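Asks: The following block contains the structure, expressed as structure tokens.
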Amino acid sequence: MATITQAANAYSATALNAVNKVADVGSATDSTGGSAFGDLVQQGLQNAVDLQHKSETISGKALAGKADMTDVLQAVTDAEMALKTVVAVRDKVVQAYNSIMSEQI
């Protein structure tokens, strides 16, 4: 059975993982340096899908008693954060599109 300390450690590890992922995105290069914005978005979407699959797999293992609750918590939190990031990017893209379409020529 998971203790409060294990849960707190899992949250801490997940937060540190999120900070590292944001730092990795910030180091991406522009189209002149090799990586295009479209590639970055595609990688982000693929990462979100992969994290969701991992979360489902680990949750299934936990139901069978073969996974630690800390691993389940971290996988679910990672998947949730990735989904929120994808939704935020989508919202910003729609907002930018609407802004461009409302401009007068």
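The values are calculated or read from the model by the stated rules, or taken from the named source; none is laboratory data. Since the structure is predicted, the reported quantities are computational estimates derived from the model, not experimental observations. As a convention, Cβ positions derive from the backbone with ideal geometry for all residues, glycine included, and neighbour counts pool all protein chains shown. Heads up: the accessible areas ignore ligands, DNA and RNA and are worked out on the full protein's heavy atoms, side chains in. Shrake-Rupley method; radii C 1.70, N 1.55, O 1.52, S 1.80 Å.
Asks: Report the calculated FRET efficiency for residue 47 and residue 102 (r = Cβ-Cβ distance, R0 = 22 Å), to the nearest 0.05.
Replies: 0.10
Asks: Ok, one more. Using a probe radius of 1.4 Å on heavy atoms only, what accessible surface per residue do you get for the range 45-85? Whole Å² is fine.
Replies: With all protein chains present, the range 45-85 gives 65 Å² per residue.
Asks: Please sort 88-98, 36-46, 54-64, 74-84 by packing, taking for each peptide the average over its residues of neighbouring beta carbons within 10 angstrom, highest first.
Replies: With the highest mean Cβ count within 10 Å placed first, the list reads 74-84, 54-64, 36-46, 88-98.
Asks: While we're on this one: How many times 2.2 N^0.38 Å is the alpha carbon radius of gyration of the range 45-105?
Replies: So the Cα radius of gyration is 1.66 times the expected 2.2 N^0.38 Å.
Asks: Let me ask something else about it. In the range 35-57, which residues have a backbone nitrogen under 18 Å from the label point lying 7 Å from residue 91's Cα in the Cα-to-Cβ direction?
Replies: 45
Asks: Residue by residue through the range 36-53, which ³J(HN,Hα) values in whole Hz follow from phi under the Karplus form 6.51 cos²θ - 1.76 cosθ + 1.60 (θ = phi - 60°), with glycine and proline marked x?
Replies: Per residue, the Karplus-derived 3J(HN,Hα) values read 8, 4, x, 5, 5, 5, 4, 5, x, 5, 5, 4, 4, 5, 4, 5, 5, 4 Hz.
Asks: Roughly speaking, what is the stretch gain from residue 40 to residue 54, that is 0.36 nm per residue apart minus the C-alpha to C-alpha distance, in nm to one decimal?
Replies: 3.0 nm
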